[in-house]
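Here the structure is laid out as structure tokens; the discussion comes afterwards.
Readers should treat all values here as calculations from the given coordinates under stated rules, not as data from a laboratory. Model, not experiment: these values are computed from the prediction. Ideal geometry is used to build each Cβ from the backbone, glycine not excepted, and the neighbour counts take in all protein chains shown.
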Amino acid sequence: MEDLLANILSIIAALLLLSVLVMVHEFGHYSIGRLLKFKIKEFAVGMGPKLFGREKYGILYAVRVFPIGGSCKFHDEDAEVRDKTSFGAQKVWKRAAVIFAGPLMNILFAVILAIASLSIYGDIVPAVYSVSDGPAELAGMQEGDILIAVDGAQVRHYNDVVAKIRAANSLGAVITVERSGRQVDLNVHNLYNEEAGYNVLGITLTGARRSYSFFEAAGAAVPLIGTIIGEMFEFLGGLFSRGVQQGELLGPVGTISFIGAAVRVGLISVNLAIINLLPLPALDGGRLAFLAVEGVRGKPIPQEKEGMVHFVGIVLLFALIIVLTYSDIRLMWGR
């Protein structure tokens, strides 16, 4: 019973978390829309029937029944141009800026969260737990050393260490470690292990907490989010090159379970931004693709045709969500 209650609370918390990230996304559209003087009809928190609202500067600010997500509605956003205030009547670059602002705001939000997290809690970085016979010992590596870089390429987590060591020149590499508050460069040689079939450093890793000042956190946050974005694109590229493996894509149930377990808000915010930028119907990336075509043609694609493409995209997206949700439930029940 306690486990069931914990799962329910975790799901509720995850839904609220996703709602916050969606609202951040919509606020990006709203803020750039206001800046570029677009006519905005409504900025709403939640979905469904309106609970209450207030109109100011011609914009309805509303709170709706279901606290899931939100929306920013522009004048004639999905309709034919009727007057000069219609969304489609604005210049292509302005519409593109408004659309792109949603994913951008998610990325900026992730950077802010990263700065706050690093400033308050610090970070868990890969450190040397033990040194065995091998290249690391010969180079003078010691227990407690924090791994900073391999051949100048910064190390951020355990998997990063393994990947960079295996990719290094087997004849010799420079491992940068932090020892007693200062950085030390260690020259390691003969990394290749014939028995293993790849480079082996000869250490066991553990996690060490690293503290950051505010300015250090600000300097580390942008590269950290950049790494996450790069890994996300690498993952998506892998899906196209080798196909989707079972368990790699999650539906709503799996995503909520993942969020409840990991609580990596910044990571999820970045993922939401990148997914939204994919050139697929019904996503921001799909709308940007239509604007690119309009810019090349010099005239917009008829609204009914674009609307039909986005409608088909939404149908396919919901079909995918249903399939993934079914898969999530089967995995949860061990079937």
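Brief remarks follow.
- Each Lys or Arg adds one and each Asp or Glu subtracts one; over the other residues with Cβ under 13 Å from the Cβ of residue 149, this totals -3.
- Reach of residue 73 by Cα under 29 Å, taken over lysines that are not fewer than 8 positions away in the same chain: 37, 39, 41, 50, 56, 84, 91, 94, 299, 305
- Formal net charge of residues neighbouring residue 53 (Cβ-Cβ distance under 11 Å; K, R +1; D, E -1): +2
- Among residues other than residue 191 with Cβ under 15 Å from its Cβ, the summed charge is -3 (Lys and Arg +1, Asp and Glu -1).
- Residue 60 long-range amide H proximity, modeled H, under 5 Å: 42, 43
- Charge dipole of the range 123-210 about the Cα centre (unit charges at C-beta), most positive-ward option of 192, 206, 141: 206
- Computed over the range 123-210: relative contact order in percent, which uses C-alpha pairs under 8 Å that are six or more apart: 40
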